[in-house]
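Data block below; observations after.
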Amino acid sequence: EMLTQKTKDTVQKIPLLKTRAGPRDKEKWVARLKEELKALITYVNNNKKSDSDWFFISPNANGTKWTGKCWTYYEMKKYEFKLEFEVPITYPVTPFEIVLPELDGKTVKMYRGGKICLSAHFKPLWSKNVPHFGVAHALALGLAPWLAAEVPSLVDAKLI
């Protein structure tokens, strides 16, 4: 499945990041985190403006573990899930793995531990855009399409 025009338009409105730094890069990591948060705030505000708010997430003090919630609607009902990920030391070259622990084992589109299985075009797209893509881009390009595809299947199969 290719990216929809709506997803492309959404992603184009998220600021690109400049700092190539991971959690071990001390001051550069602090700069990277500021860029991550600025991009996320822009993305969240854009979502609120278009009445499509669908997640809340915040980092721990050093920006290596992020936790929150994501939600989607299907047939007029809201489905909400815990959302978490850890930033790998090789970030941003290596994207983080998005985890929805409550859905662990409920779908084939998931690895052990509730890590979502991103579509085949996500990793090449991410690689092409290092270091410009960050947390907001991963949620828009990875988690949003995954929820849109998987939640209806899970509901229809009476797994959630």
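Values as computed for the structure displayed
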read-out	value
Odd one out for Leu33 among (1) exposed (fewer than 15 other Cβ atoms within 10 Å of the Cβ); (2) in contact with a Pro (Cβ under 8 Å, 6 or more places away or on another chain); (3) among the aliphatic types (A, V, I, L, M)	(1)
Pair list, Cβ under 7 Å, 6 or more apart: the stretch 1-23 residue aliphatic (A, V, I, L, M), other residue modelled with pLDDT of 95 or more and surrounded by fewer than 16 Cβ atoms within 10 Å (Cβ to Cβ)	Ile14/Thr42; Ala21/Lys28; Ala21/Ala31
Subset of the stretch 1-33 (residues that are aliphatic (A, V, I, L, M), in a loop (DSSP other than H, G, I, E, B) and closer than 13 Å to Thr64 by Cβ)	Ala21
Check on Ile160, farther than 30 Å from Val30 by Cβ and modelled with pLDDT under 95	yes
Where a residue in the stretch 53-65 is under 22 Å from Ala144 (Cα atoms) and at pLDDT 95 or above and its partner, wherever it lies, is in a loop (DSSP other than H, G, I, E, B) and among the charged types (D, E, K, R), with Cβ under 8 Å and at least six apart	none
Odd one out for Lys38, checked against (1) more than 28 Å from Gly113 (Cβ to Cβ); (2) part of a strand (DSSP E or B)	(2)
Test: residue in the stretch 61-68 that is hydrophobic (A, V, I, L, M, F, W, C) and under 19 Å from Phe122 (Cβ atoms)	yes
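The values are calculated or read from the model by the stated rules, or taken from the named source; none is laboratory data. Computed from a prediction, not measured in an experiment: that's the story for all the values here. Methodologically, a virtual Cβ is constructed for each residue, glycine included, from the backbone with ideal geometry; neighbour enumeration extends over all protein chains shown.
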